[in-house]
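Here, each number is a calculation from the coordinates, and none is a lab measurement. None of these values were measured; they are calculated from a predicted model. Positions of Cβ are backbone-derived with ideal geometry, glycine not excepted, and every protein chain shown enters the neighbour counts.
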Amino acid sequence: MALRAPLQNPSKPLRPKHPLVSSFRSRSLIPMARQTRWLPSIAASLHHDAAHRDEVLRAARGSLGHCLSETHLEITVPGLTSKARGKVRDVYDGGDYLVLVTTDRQSAFDRVLASIPFKGQCGIYPQVLNETSLWWFNMTQHITPNAVVSTPDKNVTIAKKCSVFPVEFVVRGFVTGSTDTSLWTVYNKGMRNYCGNDLPDGMVKNQKLPGNIITPTTKGVDHDVPVSPEEIIKLGLMTQDEFDEVSSKALKLFAYGQQVALENGLLLVDTKYEFGKGPDGKILLVDEVHTPDSSRYWIADSYEERFAAGLEPENVDKEFLRLWFKNHCNPYEDKVLPDAPEELVCELAWRYIFLFEKITRKKFKLPETEEQIHDRISKNVSHALSCL
């Protein structure tokens, strides 16, 4: 019998709108011309449980030297063959299934920047990352089916093997970002048509867009490459029907994510989705959903005040780590990058847990004992595969 993730009612309707949704949308955003600057501020709401936060930070500091950067399940698990090393995950071929293992690696700018405690050694972060994603997979089945088969370990997701479309669907609600392909970077350089989207003049960084847009990218040799819908069809990356179906699902997923986030005091700013075709030809949502690895989140209550003052929004994702590297090196061209400060690395571990607790409304508990994580993963994956 296959091990399967617990699924909630796929026909579950959208939640009733929180009062903050209407009040936020009714306010005007002031398109002031001004320079924004990065301030390493900590949102007051990130201190919602000071004792819990201090506990996580202490545990993170104590785990900095024990991060998991690599796995070798092809040696320890029968039936696993080839291994692909992604920026964050190790992906193993298990025949009809893929085994995706989350490591401690933290990526941005198309390279690994740091190792974050709890992505590996004690299994904390991967549980947060995987549990956050699984929660969203369960909550969005009324919009689209997904490829998840089971989650036999804190670090592991087993998924149906799909023919993945070579296009990432990046959905954006704000003009922001710090990478070369971010909407603010290209807009600030004068581009007014991006990936087939016409953008109005006079916008400033972190301003809300008139409506959500999709800015697709394809995988290049070194960096993601922005592409328009017309180019996607012309290059044969997707058919028109496939693109239309996936685009519709991506926009619905994002709108639902924005609503749920706002109900919990957050703004879902942008995210990326990946889709593929399963063995039966059905289009499935793959990879992760609305995690802080793939998404940008801001604190809702302070957004407008900070926007008007020309300050960066209070974020709950890895953007502040990106900004630190942008201010201290050239993360695209420098061969050797500086080490991320320990306090930033530990703060990032806390923010991922904070986001999990805000979105799911569940309390996250630190493990009481250390485990031999590779042995544990090998045993759990072996058992799960034997049941499929």
About the Cα centre, charge dipole magnitude for the range 226-291 (Lys/Arg +1, Asp/Glu -1 at Cβ), debye: 80
Cβ-based exposure ranking for F109, F169, in which fewest neighbours within 10 Å come first: F109, F169
Ranking of I75, I377, I214 by count of other Cβ atoms within 10 Å, fewest first: I75, I214, I377
Overall Cα dimensions of the range 256-309, principal axis frame, Å, largest first: 51, 18, 14
Translational diffusion of the range 276-379, µm² s⁻¹ [Kirkwood Rh, Cα pairs; Stokes-Einstein; 4 °C; 1.567 mPa s]: 75
Gyration tensor over alpha-carbon atoms, the range 227-344, equivalent ellipsoid semi-axes in Å: 32, 21, 14
Per-residue Cβ neighbour rank within 10 angstrom, fewest leading, Y194, Y273: Y194, Y273
3J(HN,Hα) from dihedral phi, the range 375-381, Karplus parametrisation 6.51/-1.76/1.60, rounded to Hz, x for glycine, proline: 5, 5, 4, 4, 5, 5, 5
Convex hull (Cα only) mean projected area of the range 139-243, reported in nm² to one decimal: 9.2
